[in-house]
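Please read the structure below before turning to the comments.
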Amino acid sequence: MDKFKKAASIIEKISVHNTRKNCEELFCKLHDEDYLGFSVKPKKGINHNCLACQLNDGNQRIHKFLKQTDSSSDNEYNFTIYILLLYLQVEKLHTIFKIIGLTFEYVELNWKVLIEIRKWANFIKHPKGFLFTHHPSFLFEDAKYHEDDHTKILDYKFVSKFYYRENEEILKQSIQELGNKSNILVILPSPDRLASEYVKVCTEFCDKIKDNPHFREILKTRSSLNDLIL
């Protein structure tokens, strides 16, 4: 199966409601009373939490793109859209982490894929020296290649070095390493691996919200619509 189709089947498990396929809208759990408090008040209305909808909508967009992806299209095109859709979810999660006091160090230690997604998105958003290369090639991380056939290999180690932040010195260094070069190979992370690790983070995040009353209290205060009439 195509790597993007594999990723689609993985993301489907947490983004659509289909009990026959063991699929659920994972973030919709946040509506439940055990999480962020979906409850009905007689003669008033419903307490409805916005985060559940926001996060689930993001997962559905990722799934929709992956399901519609033309596997005959080039890897760079498909990966660009995929990683940016993942990145939008990562930014939502990081915003929540800041509000509840979950540190960057915790995320970096326990949910490494979120950092990886962010850095690859930075590589696309802020090309730096990569802009000055000529027709680079793209392969996924589990593909075979001969290092000697390429002028420069850009893998996650390279991306981590040059695409973790913006400043003049890093820009100059990246141009010095990549400028005026051809036969560059970019080793992209496998879409299905990213999907598997992302799904694991989403599941663990929901569990953490359920298990921590302090997190629940903060998020209920900031993201609940009270007495909503549906």
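Listed by position, the helices (runs of 4 or more DSSP H) enclosed by the stretch 154-230 that each have at least 3 residues that are under 23 Å from A121 (Cα atoms) and touching a helix residue (DSSP H, G or I) at 6+ places or on another chain (Cβ under 7 Å) are 156-162, 168-178, 191-211. A Cβ distance below 6 Å, combined with a sequence gap of six or more or placement on separate chains, defines the contacts here; from the stretch 1-25, residues that are farther than 23 Å from S190 by Cβ reach residues that are surrounded by 11 or more Cβ atoms within 10 Å (Cβ to Cβ) and at pLDDT 95 or above in the pairs H17/E25; E25/N56. One residue stands out among those in the stretch 72-100 that are free of Cβ contacts under 8 Å to residues at least 12 places away in the same chain and farther than 20 Å from N56 by Cβ: the one that is surrounded by the fewest Cβ atoms within 10 Å (Cβ to Cβ), which is S72.
Within the stretch 194-210, if we keep just the residues that are acidic (D, E) and closer than 23 Å to I99 by Cβ, the residue that is nearest to the chain's Cα centre (by Cα) turns out to be E204. Within the stretch 123-140, track down each residue that is crowded, with 18+ Cβ neighbours inside 10 Å and under 12 Å from Y156 (Cα atoms). Result: F123, single match.
The values are calculated or read from the model by the stated rules, or taken from the named source; none is laboratory data. Everything quoted here is computed from the prediction, not taken from an experiment. Note that each Cβ is placed from the backbone with ideal geometry, even for glycine, and that neighbours are counted across all protein chains shown.
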